[in-house]
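A.B. asks: One structure, pasted below without further comment.
Please treat every number below as a calculation from the coordinates, not as lab data. In this text the structure is predicted, and so the values were computed from the model without any measurement. Cβ atoms come from the backbone with ideal geometry, glycine included; neighbour counts cover every protein chain shown.
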Amino acid sequence: MKKIMSLLITLIFLLCGCGNTVFENSDDTLDFSDLSSEGSKLFDTGYSSEFRGAWLSYLEIRPKNFDVSKNDYQEYIKNYFQNFKKAKINNVFVQVRPFADAIYQSSLFPSSSCVVKNQGDKLPFDFFQVIIEEAKNFSIEVHAWINPYRIQNEFDESKLCSDSFAKKWLSEKDNCDVIKVNGGLYFNPASLKVQELIIDGVREILENYDVSGIHIDDYFYPSSESGYDKVSFDEYSEKGGKLNLAKWRSENINSLLSGIYNTVKDFSKDKIFSISPGGDIEKNKKEMFADCKKWCSESGYCDMIIPQIYYGFNNEKMPFEACAEMWIKLVCDDVKLVIGLALYKSGKTDAFAGKSGKDEWIENNDIIKRQVELSRRLNFAGFCLYSAQFVNFTDKSCSKEMQNLINVL
């Protein structure tokens, strides 16, 4: 009787429009059957319809050899999706543009050195299209994950394709579009040419590929140092700009995000623009000038935020529960909150968690399960796992963690 009353109360709560829900569905009845194939079109009326995601990174997309055939690559990718389906994953974020290059056919960005021997080499086939086709076979939705600013982690101009905008702009005498910082190479977030290129790239993906949305991760400003974008900031100030350096940088990021959001919505109101910042809200703002509070609390920047709350319950500086509670307090009705979880830590030492949290992921194999259960109590719209290679049922540590997780899905 108590269970029946609980379900009735939950149904009334949802019909009244209370709480954070995710995506529209005309069926307003509670259905706890396996609806994982419905993906991002679901209204969050039960655990089986929650957003259940995984990140498929460029490291995992990379073929075992650059001479791989299309058929062999299909089989390689199929293994991931078999595990996703077993884990009841319904959305996958595919990293299609990791270093200002593309695993897909693009007229704006060179082919990615993640899938061909040298950046700019001819693609033997469209890697992204193969992934999309496999996802369809398993009724899993695909989001195109791009890294907007990163060009190289370690600067080496010889590895840049001659046709890339990065190389062309870098060679210009008064270049302010590409910046060198911390040993790497990045597009300048202050550059209007950069913003236009990134947004054109988003539009190109939407026009050519059947994706559920566009996704960006936690790479915003590459450094909090003050010198690398001095020319751009001085130009802004000389033209009458009143913002200080930190606020100016934040507004540059905000401008790009609103531009991407509007581009996505102009293409289709049903497409999703999602952002996955780091889990530390203050660090995001101070070190990367990512104003997550603004994106969460105001409309027009994104549809979904997926903070990477990659902490255990016993983490001394950022305990999981307290961090999750901070995020849930930020969101408005227009932005859905999905929790990013560190499946990759299963069975490993967490070196930055402090003494009490260092061995937590070794001593427990139900952390992800408990984190999902907590996120439900806090009314998150779902969860996302990092990353695809750890969504498996053969690795000893991950298998135990995944078995415990799917028991509550």
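A.B. asks: What distance in nm separates the two pseudo spin-label positions at T394 and L192, each 7 Å out from Cα along the beta-carbon direction?
C.D. replies: Placing both labels 7 Å beyond Cα along the Cβ direction yields 5.3 nm.
A.B. asks: Gaussian network model of the chain, Cα springs within a sub-10 Å range: biggest mean-square fluctuation belongs to which of S223, S158, S268?
C.D. replies: Maximum fluctuation in the GNM of the chain, among the listed residues, is at S158.
A.B. asks: Considering amide H positions built from the backbone, and no H for Pro or chain starts, which residues 5 or more places from I151, or on another chain, come under 5 Å of its amide H?
C.D. replies: L185, Y186, F187
A.B. asks: Another one. Say each of Q105 and S162 gets a label point 7 Å from the Cα, pointing the same way as Cα to Cβ; how far apart are those two points in nm?
C.D. replies: It works out to 2.4 nm between the two label points.
A.B. asks: Here's a follow-up. Would you please give the residues with an amide H less than 5 Å from that of K336, counting only those at least 5 places away or on a separate chain, with H modeled from the backbone geometry?
C.D. replies: M304, I305
A.B. asks: Of the listed pairs K117/K283; K117/K265; K193/K294; K88/K294; K117/K348, which have alpha-carbon separations greater than 28 Å here? Display every interim value, and only then the final one.
C.D. replies: Details: K117/K283 36 Å; K117/K265 36 Å; K193/K294 24 Å; K88/K294 32 Å; K117/K348 32 Å.
With Cα atoms farther than 28 Å apart: K117/K283; K117/K265; K88/K294; K117/K348.
A.B. asks: Compute the length gained on full extension between S268 and L243: take 0.36 nm times their separation in residues and subtract their Cα-Cα distance, giving the result in nm to one decimal. Intermediate values should be presented prior to the final figure.
C.D. replies: Numbers: separation 25, 0.36 × 25 = 9.00 nm, distance 3.40 nm.
Fully extending the segment from S268 to L243 adds 5.6 nm.
A.B. asks: Mind giving me the nanometre distance, one decimal, between the label points for N118 and F155, set 7 Å out from Cα along Cα→Cβ?
C.D. replies: 2.3
A.B. asks: Let me know the volume per residue of the alpha-carbon convex hull for the chain, in Å³. Don't skip to the end; give the middle numbers.
C.D. replies: Working: hull volume 60.7 nm³, N = 409.
Expressed per residue, the convex hull around the Cα atoms of the chain is 148 Å³.
A.B. asks: Helix 245-267: angle to the longest alpha-carbon principal axis of the chain, degrees 0 to 90, nearest 10?
C.D. replies: The angle comes out near 70 degrees.
A.B. asks: Based on Cα coordinates alone, diagonalise the gyration tensor for segment 257-409, multiply each eigenvalue by 5, take square roots, and list the semi-axes in whole Å, largest first. Provide the component values of the computation, followed by the final result.
C.D. replies: Numbers: eigenvalues 164, 65, 34 Å².
Equivalent-ellipsoid dimensions as semi-axes: 29, 18, 13 Å.
A.B. asks: Please find, in a Gaussian network model of the chain (springs between Cα atoms separated by less than 10 Å), the residue of G120, G213, G354 whose mean-square fluctuation is greatest.
C.D. replies: The residue that fluctuates most here is G354.
A.B. asks: Sticking with this structure for a sec: P(r) for segment 179-251, please, calculated from all Cα pair distances in 5 Å bins and given in %.
C.D. replies: Taking all Cα pairs of segment 179-251, the binned fractions are 3, 13, 21, 21, 17, 12, 8, 5, 1 percent.
A.B. asks: Any idea what the dipole of the chain comes to, in debye rounded to 20, about its Cα centre with Lys/Arg Cβ at +1 and Asp/Glu Cβ at -1? Before the final figure, lay out the partial values.
C.D. replies: Values: 49 positive and 59 negative charges, 146 e Å.
Roughly 700 debye, rounded to the nearest 20.
A.B. asks: With equal scatterers on the alpha carbons only and no solvent term, can you work out the Debye log10 of I(q)/I(0) for segment 279-321 at 0.24 1/Å?
C.D. replies: Summing over Cα pairs of segment 279-321 leads to -0.89.
A.B. asks: Taking the highest mean first, how do the peptides 335-348, 170-183 order by number of other beta carbon atoms within 10 angstrom per residue?
C.D. replies: 335-348, 170-183
A.B. asks: Please work out the FRET efficiency for the pair M326 and N71, using the Cβ-Cβ distance as r and a Förster radius of 41 Å; give the result to the nearest 0.05. Don't jump to the answer; show the numbers that get you there.
C.D. replies: Values: r = 48 Å, r/R0 = 1.16.
Working from the Cβ atoms, E equals 0.30.
A.B. asks: Using only alpha carbon pairs under 8 Å that are at least six residues apart, calculate the relative contact order of the chain and give it in whole percent. Intermediate values should be presented prior to the final figure.
C.D. replies: Working: 769 pairs, mean separation 58.5, N = 409.
After rounding, I find 14 percent.
A.B. asks: Follow-up question, since we're still on this one. So what's the angle, to the nearest 10 degrees on a 0 to 90 scale, between helix 396-406 and the longest Cα principal axis of the chain?
C.D. replies: It is inclined by approximately 60 degrees.
A.B. asks: Considering only N315, N71, N254, give the residue with the highest GNM mean-square fluctuation for the chain, with springs between Cα atoms whenever their separation is below 10 Å.
C.D. replies: N71
A.B. asks: Near K286, which aspartates and glutamates are there with a Cα under 12 Å away, not counting those fewer than 8 places off in the same chain?
C.D. replies: By straight Cα distance, K286 reaches E225.
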